Amino acid sequence: STGCWMGHMDLGLDEGQPEEEEQARVAFVCPSSSDALCFRVCDSECAKLRKSPSYADLDPERRHLPHGTVFEVDDQVAAQGTVFVHLKHLGAWLYKSTGMSIVLERIQVSCETLFFRTAMEAPLLHTASFQTLTPHSIPAGSILEVTARVSADDGVYCWCPEYERWLPLGSLQGETVLEQIAVDKSVCWYRCLCPTRTYRSTLFESALPESLLQRGTLVQASVRVAAADTVWVKSEGDDVWCPESIPTASGQWLPVLEMAQVERDGPFYYQVLSSCAVYLCDTASFYTKNSGGNCFTEGELVQGSCRVAAEGTCFVRLSGKNSWIYESDGGQPMLKQIACTPEQFSACMQAADVFSPRNPGPSQIGAANRRGDL
């Protein structure tokens, strides 16, 4: 679902690869259990596939597996002074060793879904080996889902299903490449407390240019992680991250997001109260109120799709629009909620349109109330 989990980047992983190299690579299939019998290629020169458990029965395509290839085995046969193993997902055979070399090593695949954050630019590998380094990498601060891990060559390699590639847990110089993190995948809502930047990853250095969320903007978060001294949230449906707080020049942390309770069980129906003018807001905030623009006036009917409590009132998003209105302003009530069915509301709106396209007028609304339409 969701790699650099939560924000997949097209790295062109399958472009420009030589045909013979494609034939040699075998897609890793994660075993169903950590107890599965698995092997890893440690001598690629001798890892030539066979059609049957025999040295002479070579694979028709003359394929051989690169160093570090990990695969599951479902059969073993002792023959010709060695042991041949059957690759479960390839339908071919390989021998474990020759008189001169160990071709395959037994390896345990830890089949467990974990989440990691790239502590630095992370290289992608074709197999569980630095010998099969690709020209592609994942930027620092990215969040990845890992479904399998193996220990080999004095290191740990992690399988990322999003990119169908391996990544090392550490670099050849001993630096940490992947750091394990906890991920909260519960969906929740946030509201911007001030103009807020969005980011490519969970690094403040990855700010997107000209990507400012206005105060009052609602963000539906599908993922939350703690990193870089704050909590980062992944915006549902977007490939961007937002921090809950940002560092200031004085070394303090400024909150930029607050958790919000969003009611989405609408529609919600309202009537503008007498002597009131309700202006449209771009977001759920008075700071984005268009005081010089169009407004709803006394007696008008409005329909909202969702609402959220903020800044001492309740903001209501107009159905089918990206505009918001407010139930009160400075403590003064502006809207009266109406309990009615969608059919009743539609009938009253049609009646109001006969009187005036903008203002149905208090007399007509009063008549609708007396009839029981509202």
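The values are calculated or read from the model by the stated rules, or taken from the named source; none is laboratory data. If you're wondering where the values come from, they're calculated on a predicted model, not measured in any experiment. Because the Cβ atoms are built from the backbone with ideal geometry, glycine has one as well, and the counts that use them run over all protein chains shown. Just so you know, the surface numbers come from the protein's heavy atoms only, side chains and all, with ligands and any DNA or RNA stripped out. Shrake-Rupley method; radii C 1.70, N 1.55, O 1.52, S 1.80 Å.
Of note:
- FRET E, pair MET259, GLN337, Förster distance 25 Å, beta-carbon r, rounded to 0.05: 0.55
- Ligands, DNA and RNA aside, THR127 has an accessible area near 10 Å² when probed at 1.4 Å.
- Surrounding net charge for ALA226, when Lys and Arg each add one and Asp and Glu each subtract one, Cβ distance under 11 Å: -1
- As a calculated quantity, the FRET efficiency between VAL77 and LEU208 at R0 = 45 Å, using C-beta atoms, amounts to about 0.20.
- Lysine pair count for the chain (Cα-Cα distance under 28 Å; residues 8 or more apart in sequence or on different chains): 11.
- Whole-Å distance, taken between Cα centres, linking segment 255-304 and segment 91-159: 54 Å
- Measuring r between the beta carbons of ALA309 and SER275 and using R0 = 35 Å, the FRET efficiency lands at 0.90.
- Heavy-atom accessible area per residue - the chain, 1.4 Å, Å²: 49 Å²
- Accessible-area rank, largest first, for LYS289, LYS336: LYS336, LYS289, with all protein chains present and a 1.4 angstrom probe.
- The label-point distance for THR288 and GLU164, in a model that sets each label 7 Å from Cα toward Cβ, rounds to 4.0 nm.
- Applying the Karplus relation 6.51 cos²θ - 1.76 cosθ + 1.60 with θ = phi - 60° to segment 46-62 yields 3J(HN,Hα) values of 9, 7, 8, 5, 10, 6, 9, x, 8, 4, 7, 8, 5, 4, x, 8, 6 Hz, where x marks Gly and Pro.
- Fraction of accessible area attributable to carbon and sulfur, the chain (%, probe 1.4 Å): 48 percent
- For the pair SER110 and THR98, the difference between a 0.36 nm per residue extended length and the Cα-Cα distance amounts to 1.5 nm.
- Taking label points 7 Å from Cα along the Cα-to-Cβ direction, SER250 and SER151 give a separation of 4.9 nm.
- Over all other residues within a Cβ to Cβ distance under 14 Å of ARG40, the charged ones net out to -2, with Lys and Arg as +1 and Asp and Glu as -1.
- Between the amide H of ILE107 and those of CYS38, PHE39, ARG40, distances stay under 5 Å, these residues lying 5 or more places away or on another chain, with hydrogens modeled in the peptide plane.
- The GluC sites (Glu not before Pro) of segment 140-202 meeting both criteria, a DSSP state outside H, G, I, E and B (loop) and at most 11 other C-beta atoms within 10 angstrom of the site's C-beta, are GLU175.
- Inter-label distance, nm, simple model (7 Å from Cα along the C-beta direction), GLU175/LYS88: 3.7 nm
- Descending principal axes extents, segment 44-131, alpha-carbon based, whole Å: 48, 25, 24
- Using a probe of 1.4 Å on the protein chains alone, the accessible area found for SER186 is around 60 Å².
- Ordering of 216-223, 244-251 by packing [mean C-beta count within 10 Å, highest first]: 216-223, 244-251
- Using a probe of 1.4 Å on the protein chains alone, the accessible area found for ARG191 is around 10 Å².
- Across segment 116-124, rounded Karplus estimates of 3J(HN,Hα) from the backbone phi angles (6.51 cos²θ - 1.76 cosθ + 1.60, θ = phi - 60°) give 10, 10, 6, 6, 8, 4, 9, x, 9 Hz, Gly and Pro being marked x.
- Rounded if a/c under 1.5, otherwise prolate or oblate - segment 32-76, Cα gyration tensor axes: oblate
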